[in-house]
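Everything below concerns the one structure shown next.
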Amino acid sequence: MTIRVLDNATINQIAAGEVVERPASVVKELVENALDAGATQIGVEIKGGGIELIRVSDNGAGIPQGEVALAFQRHATSKIRRSEDLQKIESLGFRGEALPSIAAVADVEMATRAENARADSTLAENARPGSTGAAGELSGTYIALEGGSIITQKSQARTRGTTFTARNLFRRVPARLKFLKSIPTETGHVANVVTQYALAYPEVAFNFLTDGRQNLQTTGKGRLADAVLDIYGTATAAKMLPIMYEETPPYQGTGPSPAADGLSGQIRVTGMAGAPELGRSSRDYMSFFVNRRWVSSRILSYAVEEAYSGLLMTGKHPVAVIDITIPPEEVDVNIHPAKSEVKFRNDSPVFRAVQKAVRRTLTAQMAVPGIADVDAPYKAVSNNPALNPANLERLFEAGSRAGKTLPPEGAAPRLADALPVLRVVGQVLACYILAEGPDGMYIIDQHAAHERISYDRVLKQREQRQPEVQGLLEPATFEVGPRQDAVMGASLGQLADFGFNIESFGERTYLVRAVPALLAKEDWTKALKELLDTLAGEEKSRWEEHITASIACHGAVKRGQVLSDDEMRALVRQLEETANPHTCPHGRPTVIRLSGAQLEREFGRS
Ligand code: ADP
Ligand code: MG
């Protein structure tokens, strides 16, 4: 084929492929534009997960009439002028790619009016057609584009600010449409974007509507604590500790340049860190902002998790909002088309500062016994490496693997599908049940085994449409986050099939009247919150499976729980009766066996 330069429409679609991955990316770009325009109020509205409609309105500086069409050209931006500016970017946008990219993959309308007249400007100046933003405009502009081309542009009255509407996202790009997830999942992603920016900009009042329903409203009072309250609710907000940490490089202004591994100026880490008991099962509750840009960063996540080490249970992740302020030249924001990742000129001082900031906050503000309480059952186990369950498991696994290579003499030393009748001998490390069977010793992971039992039970009840339900003495109100709300609304029916009786009760609040009987004695609010987080990241077709697993997991006896002989016997009996006694629902083993032959060998008798 001959080499030729692609036409503009194609170029824009290619660029759009990088910038606009899903509805949430459009919302992100539009909210960033609103923030760059200095808005103090931002409204976000979506319908049908954002595929049908996305509307972002702001009271920011607006776009002057003469520049409205230009804003839709690629690489047209008011935020930087020359390449040197890339070294010191202080705005969220700078690539001039968002508006043309969105227009390439959706039907777009925008109404905008530039800055109000300044006190000293004259009417004549204002009336000048195409006058610049600085002087203000009497009338605003309306523009509509389809397939990336302008179809209408006219004057239209409106107040200061911009309203941008995108409809029918990816209608012209069916391949992209196919990659989108379910509506609740996409809604959840959008809610996450709005949530993150609401946390990053507590001085801006955000209002977020999904399908006509108020999902999130922040007051814009300017304090992070207020934004956290608006977003995560009172229970979480009450357990968030403020972070304040500053570090100035040791060199003092003049003299030789700073050490290569240092920073060229001050680093400040502020924000809030959640008490360890807020630990969540996903990393979605850690938010990072670098110079007020929302970023995802494995290094930063790692720094925060490090700071919590020893404080959180295994598998739990902290809730934290981390604002990092560093000299703009220390960070390269131009490494990702959606600007959602950044590169630090030097990772290690940033890592250390974040880790220190969070760790200090946690240790300074928490009562020491509290820390010990949270950690106790886990620490006791992990202190002695020989008793570490992982080590034990490895030892026994090695044993059973070796067992398999033994010549098949007599009864094959393999676990049959059914479990033999076992005699409980005792409990070890408050995690394992020791039992004797026909051919050796059996070690049962109490949590995994009970999880298997509960899982089968929940499945069976589900099949027979007879969930075991426990009514609450009094209906409880249950608050959810914006992202969870999208999932909750969409899963009420399915949850009901499992025994949850829940109804909507105002903005992001629900009334819970009954829960599955298995959860009645547990902290069901925690279980339900975790479940919603899991569902948010999953396809709807897999929700049922996750609900089953989650009820089973939360209803199961915990590791670290001391069991009576009767309880252990009952548990082992029930395990013997399940169809798949050898693995938990996640596929991990419930039982390992040390055969008589292996014991002989270990003791050097064979
Ligand atoms: P970038 O943000 O990288 O400059 P965009 O394509 O997002 O590129 O926007 C192009 C230009 O349109 C911006 O530089 C800005 O001047 C203008 N603009 C876009 N959205 C808004 C808004 N909500 N308010 C004011 N100006 C805007
Ligand atoms: Mg932009």
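Quick look at the numbers
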{"item": "Boolean, K540 is at pLDDT 90 or above and either of a type outside the set (K, R) or assigned by TED's automatic domain parsing to the domain that holds S491 (or both)", "result": "no"}
{"item": "Tally, over the stretch 495-534, of residues that are under 24 Å from Y285 (Cβ atoms), without any contact (Cβ under 8 Å) to a residue 60 or more places away in the chain and assigned to a helix (DSSP H, G or I)", "result": "9"}
{"item": "Residues being within 16 Å of ligand 2 (Cβ to nearest atom) and within 15 Å of R213 (Cα to Cα) - total across the stretch 46-58", "result": "1"}
{"item": "Single residue of Q561, Q598 found to be assigned by TED's automatic domain parsing to the domain that holds H450 and under 39 Å from the mean Cα position of the chain (by Cα)", "result": "Q561"}
{"item": "Conditions (1) farther than 21 Å from V424 by Cβ; (2) in contact with a strand residue (DSSP E or B) (Cβ under 7 Å, 6 or more places away or on another chain); number of the one not met by G604", "result": "(2)"}
{"item": "The stretch 469-479, subset touching a strand residue (DSSP E or B) at 6+ places or on another chain (Cβ under 7 Å) and not small (G, A, S), residue least open to solvent (accessible area, probe 1.4 Å)", "result": "F478"}
{"item": "Test: residue in the stretch 215-235 that is in a strand (DSSP E or B) and open to solvent by 40 Å² or more (accessible area, probe 1.4 Å)", "result": "yes"}
{"item": "Members of the stretch 17-56 that are in contact with a strand residue (DSSP E or B) (Cβ under 7 Å, 6 or more places away or on another chain) and among the small types (G, A, S)", "result": "A34, A37, A39, G43"}
{"item": "Out of A71, A61, A114, sole residue that is away from ligand 2 (no atom under 16 Å from the Cβ), among the aliphatic types (A, V, I, L, M) and more than 31 Å from the chain's Cα centre (by Cα)", "result": "A114"}
{"item": "Residues located in the stretch 214-241, provided they are out of contact with any Asp or Glu (no Cβ under 8 Å at 6 or more places or on another chain) and free of Cβ contacts under 8 Å to residues at least 40 places away in the same chain", "result": "R223, D226, A227, L229, D230, A237, A238"}
{"item": "Residues located in the stretch 107-134, provided they are of a type outside the set (S, T, N, Q), away from ligand 1 (no atom under 12 Å from the Cβ) and at pLDDT below 50", "result": "A117, R118, A119, D120, L123, A124, E125, A127, R128, P129, G130, A134"}
{"item": "Residue match in the stretch 299-317 (condition: free of Cβ contacts under 8 Å to residues at least 24 places away in the same chain and under 17 Å from the mean Cα position of the chain (by Cα))", "result": "yes"}
{"item": "Breaking point among (1) without any contact (Cβ under 8 Å) to a residue 60 or more places away in the chain; (2) open to solvent by less than 40 Å² (accessible area, probe 1.4 Å), for S541", "result": "(2)"}
{"item": "Exclusive hit being buried (at least 17 other Cβ atoms within 10 Å of the Cβ) and assigned to a loop (DSSP other than H, G, I, E, B), set V557, V562, V572", "result": "V557"}
{"item": "Filter result for the condition that a residue is out of contact with any Leu (no Cβ under 7 Å at 6 or more places or on another chain) and closer than 30 Å to V44 by Cα, over Q484, Q470, Q494, Q466", "result": "Q494"}
{"item": "Hits in the stretch 12-40 (condition: within 12 Å of ligand 1 (Cβ to nearest atom) and more than 15 Å from A166 (Cβ to Cβ))", "result": "A15, L35, D36, A37, G38, A39"}
{"item": "Odd one out for N580, checked against (1) modelled with pLDDT under 85; (2) open to solvent by less than 40 Å² (accessible area, probe 1.4 Å); (3) touching a Lys or Arg at 6+ places or on another chain (Cβ under 9 Å)", "result": "(2)"}
{"item": "Any hit, the stretch 580-587, residues being part of a loop (DSSP other than H, G, I, E, B), within 16 Å of E451 (Cβ to Cβ) and free of Cβ contacts under 8 Å to residues at least 12 places away in the same chain", "result": "yes"}
{"item": "Some residue of the stretch 588-595 being over 18 Å from L422 (Cα atoms), among the basic types (K, R) and assigned to a loop (DSSP other than H, G, I, E, B)", "result": "yes"}
{"item": "In the stretch 85-118, residue least open to solvent (accessible area, probe 1.4 Å) [restricted to those that are more than 19 Å from L169 (Cα to Cα) and of a type in the set (S, T, N, Q)]", "result": "T112"}
{"item": "Residues (part of a helix (DSSP H, G or I) and either within 16 Å of S287 (Cα to Cα) or among the β-branched types (V, I, T) (or both)) located in the stretch 336-352", "result": "V350, F351"}
{"item": "Any hit, the stretch 309-321, residues being part of a loop (DSSP other than H, G, I, E, B), of a type in the set (S, T, N, Q) and modelled with pLDDT of 80 or more", "result": "yes"}
{"item": "Residues satisfying the stated conditions in the stretch 23-45, i.e. more than 12 Å from V193 (Cα to Cα), surrounded by fewer than 23 Cβ atoms within 10 Å (Cβ to Cβ) and either within 15 Å of ligand 2 (Cβ to nearest atom) or under 17 Å from the mean Cα position of the chain (by Cα) (or both)", "result": "L35, D36, G38"}
{"item": "Residue check, F505 within 26 Å of the chain's Cα centre (by Cα), open to solvent by less than 40 Å² (accessible area, probe 1.4 Å), outside the structural domain of I183 (by TED's automatic domain parsing) and among the aromatic types (F, W, Y)", "result": "no"}
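The rows are residues; the columns are (1) more than 11 Å from ligand 1 (Cβ to nearest atom); (2) under 30 Å from E329 (Cα atoms); (3) at pLDDT below 90; (4) not aliphatic (A, V, I, L, M).
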position: V56; (1), (2), (3), (4): no, no, no, no
position: Q65; (1), (2), (3), (4): yes, no, no, yes
position: V68; (1), (2), (3), (4): no, no, no, no
position: K79; (1), (2), (3), (4): no, yes, yes, yes
position: L86; (1), (2), (3), (4): yes, yes, yes, no
position: V105; (1), (2), (3), (4): yes, no, no, no
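The values are calculated or read from the model by the stated rules, or taken from the named source; none is laboratory data. As the structure is a prediction and not an experimental result, all values here were calculated from the model. Don't worry about glycine lacking a Cβ; one is built from the backbone with ideal geometry, like all the others, and counts go over all protein chains shown. In case anyone asks, the SASA skips ligands and DNA or RNA and just uses the protein heavy atoms, side chains included. Shrake-Rupley method; radii C 1.70, N 1.55, O 1.52, S 1.80 Å.
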